[in-house]
Amino acid sequence: MSRRKPGTVTIVPNVHIIDIAEEGKGVGKADELVIFVDKAVPGDVVDVRLTKKKKNFAEAIIDQLHEKSALRTDPFCAHFGTCGGCKWQHMGYDSQLKFKQKNVEAAL
């Protein structure tokens with residue numbers, strides 16, 4: 001991917017979300033580029049819109065959700081997605097605990 005001109009939009013199709021990062025963003029790969037996707041859940045298949053691109057990674061938002069993960073659930077907080085205080089509510093609580101535990105163990 002080359003440098004983008006201001007105002008251009010880069011869509012990456014069919015990104016399979018394979019993990020979740022400690023800040024609650026889904027992790028996928030496209031052509032060896034690691035993409036951190038806001039509000040994505042492991043098991044999702046999504047088209048993403050890149051919001052930031054660096055040499056080794058990119059950040060993105062979901063443009064279209066093709067397949068929902070079995071781990072995905074409806075957030076119970078009315079402010080999910082706006083205030084930033086509940087970044088994991090799009091996953092079931094048991095799944096949240098599993099991935100948070102994995103992230104803690106990886107940090108040790």
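A short reminder: the numbers here are calculations on the coordinates, not readings from a lab. Computed from a predicted model, the values in this text were never measured in an experiment. Note that we place each Cβ from the backbone using ideal geometry, even for glycine, and neighbour counts take in every protein chain shown.
Some observations on this one:
- Segment 38-61 residues that are more than 23 Å from Cys83 (Cα to Cα), paired with ones that are among the acidic types (Asp, Glu) (beta carbon under 6 Å, 6 or more apart): Val45/Glu67; Asp47/Asp63
- Selection of first residues in segment 85-108 that are closer than 12 Å to Gly24 by Cβ and of second residues that are of a type in the set (Asp, Glu) and surrounded by 12 or more Cβ atoms within 10 Å (Cβ to Cβ), restricted to Cβ pairs under 6 Å at least 6 apart or on distinct chains, gives the following pairs, ordered by first then second residue: Asn103/Glu22.
- Checking each residue in segment 22-32 for being crowded, with 17+ Cβ neighbours inside 10 Å, out of contact with any Lys or Arg (no Cβ under 7 Å at 6 or more places or on another chain) and assigned to a loop (DSSP other than H, G, I, E, B) picks out only Lys25.
- Candidates Val15, Val9 - the one that is touching a residue at least 12 places away in the same chain (Cβ under 8 Å) and part of a loop (DSSP other than H, G, I, E, B): Val9
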